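Written below as structure tokens is the structure these notes are about.
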Amino acid sequence: MSDASSARAVPIDISPAADRRAPHDDARQRGNRLADAVRTWFGGKEEAPAAVLTPVVPIFQRIGQFFDTHQLEPTPPHYELVHGYLTQVDRKLVDAVDRAIARMGRLTPEAAELILGEVRTDMSAEMLAGLIDKAQTGLTHIAGLAKQSGADAKAYGQALETKVADLQGESPEQVLASLVELTGSMIEKTRAAEQQLRDAGKQMNQLRGSLAEARRIADSDALTGLANRRAFEARLRRAVAHARETGKPLSLAFCDIDHFKQINDTHGHDVGDRILKFVAQRLASVSGNNCFVARHGGEEFVMLFEGLPADQAARMVDNVRADLEERRLVAKQSGEPIGKVSFSAGVAALSEADTGRAMLRAADQALYRAKAAGRNRVELAG
């Protein structure tokens with residue numbers, strides 16, 4: 001794919017990196033002291049009595065060793081991540097950590113933060129399930145009210161028929177009094193049912209808004225606003241099924257920002273976050289009816305092209321790459337140059353009998369070839 005040589009400066013809202021380096025250094029020094037304490041407590045020379053810690057020492061020792069090996073600060077979020085990884089309570093978490101270690105040689109704080117953010121998104125799915133349960137309960141309640149109202153109306157009709165049949169045996173005054181009493185009772189039941197229905201309707205409207213918000217949270221990446229990995233996987237399943245039914249092509253691009261760790265190390269994590277959002281915006285600029293863009297995790301993005309063969313999808317991705325290459329980013333407030341930001345990508349097409357996983361792996365392998373060939377390029381799966 002061709003490379004563009006001209007460039008234009010693009011201001012991006014980034015505060016001076018120097019303002020953040022000093023607090024970061026202070027935090028790291030505190031983290032080092034904490035790490036020393038953790039190593040002493042969990043695996044060092046000064047150990048607590050064996051009778052007290054025997055049941056839990058092995059996992060704590062492994063956690064301390066993991067902190068030491070990967071130079072992680074022993075913060076509560078990092079402890080949560082490492083404990084989950086070592087106990088293998090979540091397969092996605094384990095896979096994400098393994099992938100980060102394979103790519104970077106160790107689990108960096110940046111990768112740990114991104115993985116935690118992705119895993120914690122699962123909580124919104126639990127919240128969504130809870131809201132759905134509440135909705136089902138509300139619907140059951142409303143159905144019960146409707147059934148009870150119908151039963152009351154039927155009972156009222158039967159009572160009226162009975163009173164009409166008894167007209168010959170009672171005086172008109174007695175019959176009228178009975179009918180007034182019966183009607184008044186029915187009116188009170190109807191009013192109570194109407195109020196309950198109004199209250200239930202208000203609750204259902206509030207719940208509907210909460211459900212919509214929960215779905216949005218469950219399917220969105222908090223940082224970039226793009227769809228997240230969960231939403232992508234659901235979309236991929238639907239797209240594969242549609243491609244099978246219609247015989248239309250389906251292609252996928254796997255994109256990865258080049259030298260992202262260097263950007264974070266040089267300019268700080270806040271700048272890195274803004275770079276992620278900026279690249280996400282550029283990729284999303286081609287999204288539409290036939291292109292679905294999502295953040296896959298970390299600095300990785302996926303683009304799903306429905307109805308497009310791989311070569312056309314690759315040209316669209318390369319147009320975004322060339323547009324990004326023309327830009328030179330600078331901090332909007334300080335004027336500090338950020339420089340050129342680029343990404344590499346691999347593109348693959350859906351093959352016969354593929355569920356989508358093979359296409360994703362093929363695109364990932366093409367991405368690695370693009371990285372190995374010098375980065376800032378788009379490679380087609382062979």
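Going through the range 236-267 one residue at a time, which ones are touching a helix residue (DSSP H, G or I) at 6+ places or on another chain (Cβ under 9 Å) and under 17 Å from V293 (Cβ atoms)?
Of everything in the range 236-267, those that are touching a helix residue (DSSP H, G or I) at 6+ places or on another chain (Cβ under 9 Å) and under 17 Å from V293 (Cβ atoms) turn out to be L236, L250, S251, L252, A253, F254, C255, D256, I257.
What helices (runs of 4 or more DSSP H) completely inside the range 4-117 contain at least 3 residues that are over 30 Å from L367 (Cα atoms) and at pLDDT 70 or above?
By residue number, 57-70, 76-87.
Of the residues that sit in the range 261-289 and are closer than 14 Å to L114 by Cβ and without any contact (Cβ under 8 Å) to a residue 60 or more places away in the chain, which one is surrounded by the most Cβ atoms within 10 Å (Cβ to Cβ)?
This residue is L276.
Given (1) assigned to a helix (DSSP H, G or I); (2) surrounded by fewer than 19 Cβ atoms within 10 Å (Cβ to Cβ), where does G225 come up short, assuming only one miss?
(1)
So, in the range 361-377, how many residues would count as being closer than 16 Å to F305 by Cα and either in contact with a helix residue (DSSP H, G or I) (Cβ under 7 Å, 6 or more places away or on another chain) or crowded, with 21+ Cβ neighbours inside 10 Å (or both)?
Residues meeting the conditions: 2.
What number of residues in the range 265-289 are at pLDDT below 90 and closer than 18 Å to S344 by Cβ?
2
Quick one: D318 ticks every box in (1) surrounded by fewer than 23 Cβ atoms within 10 Å (Cβ to Cβ); (2) modelled with pLDDT under 95; (3) among the charged types (D, E, K, R); (4) out of contact with any Gly (no Cβ under 7 Å at 6 or more places or on another chain) bar one, so which box is it?
(2) is the only condition that D318 fails.
Give me the pairs: first residue in the range 83-99 and closer than 23 Å to F60 by Cβ, second residue of a type in the set (A, V, I, L, M) and surrounded by fewer than 16 Cβ atoms within 10 Å (Cβ to Cβ), beta-carbon distance under 9 Å, and six or more apart or on different chains, which are they?
Qualifying pairs under 9 Å: H83/I59; H83/V89; G84/V94; Y85/V94; L86/I59; T87/I59; Q88/V94.
Collect the residues in the range 233-260 that are without any contact (Cβ under 8 Å) to a residue 12 or more places away in the chain and not in a helix (DSSP H, G or I), keeping them in residue-number order.
The one that is without any contact (Cβ under 8 Å) to a residue 12 or more places away in the chain and not in a helix (DSSP H, G or I): G247.
The values are calculated or read from the model by the stated rules, or taken from the named source; none is laboratory data. Owing to the predicted nature of the structure, the values given are computational and were not obtained by experimental measurement. We place every Cβ from the backbone using ideal geometry, glycine too, and count neighbours over all the protein chains shown.
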